[in-house]
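Taking it in order: structure first as structure tokens, then the write-up.
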Amino acid sequence: MDYPQSPITVHTPYTLAQMRAFGGHHYANAPTRYKYYPSRPLSYTAMAAVMFLLVMFAISQKGVSPASYYVIVALFAALFVVLAVVHFRFSRGFIFTKKWYETNNSVFLKNGQTYTFLPSEFYVEDAGAAHQSKSTCKYDLIDRAEEDSGMFYLYLNAQIAYLVDKQGFKAGTPEGLRHLLQKKLPPEKCKFLKNAAS
């Protein structure tokens, strides 16, 4: 089976749910140095406040024996580490907050993007009442292509990706796009579902 010669057209609306899905996927699969972390300033403030109070309490206990003092400090440090791990571990997938989504002025978030995949290149179109743009991309610009049950993620670098909605196919199929990407990209750049048809 050769890759599709007819254009494959997909529209991604970029809903908040899709952005959160991307956040969860990226957190679970990206190398640690490329992970996003939740944008929750109040959480950081609360954690900093807790750490400050623990340090102040530890300082106030200097009247106790040195051994007891160091045990107290070690316990507080361990507690803070546990809180930090729990915070980052269970916040994944909620990186993109509703407030962030509603106040973001990006055109693609307001109107979505339409992708047209051809054998030699693909187009990315942002369309809106007051704005319209169309970019041409070569497949060798894709850093890696990944997939989950709802979307394809075409990474341009370590953190930025095009989201291709599997429910948004106007022409072609997810199987056809997967096969095209497998033909255009080296195997090490493709990370697709193991039970997906090739």
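The values are calculated or read from the model by the stated rules, or taken from the named source; none is laboratory data. Computed from a predicted model, the values in this text were never measured in an experiment. Cβ coordinates were reconstructed from backbone atoms using ideal geometry, including for glycine residues, and neighbour counts include every protein chain displayed.
Go through the residues of segment 110-124 one by one and say whether even a single one is at pLDDT 70 or above and assigned to a helix (DSSP H, G or I).
Taking every residue of segment 110-124 in turn, at least one turns out to be at pLDDT 70 or above and assigned to a helix (DSSP H, G or I).
Within segment 142-174, work out how many residues are assigned to a helix (DSSP H, G or I) and either basic (Lys, Arg) or surrounded by 13 or more Cβ atoms within 10 Å (Cβ to Cβ) (or both).
Number of matching residues: 3.
Would you check if PHE90 is part of a helix (DSSP H, G or I), modelled with pLDDT under 85 and touching a strand residue (DSSP E or B) at 6+ places or on another chain (Cβ under 8 Å)?
Judged against the criteria, PHE90 is not a match.
Looking only at segment 19-36, filter to residues that are surrounded by 14 or more Cβ atoms within 10 Å (Cβ to Cβ) and at pLDDT below 65; which one of those is farthest from GLY112 (Cα to Cα)?
LYS35
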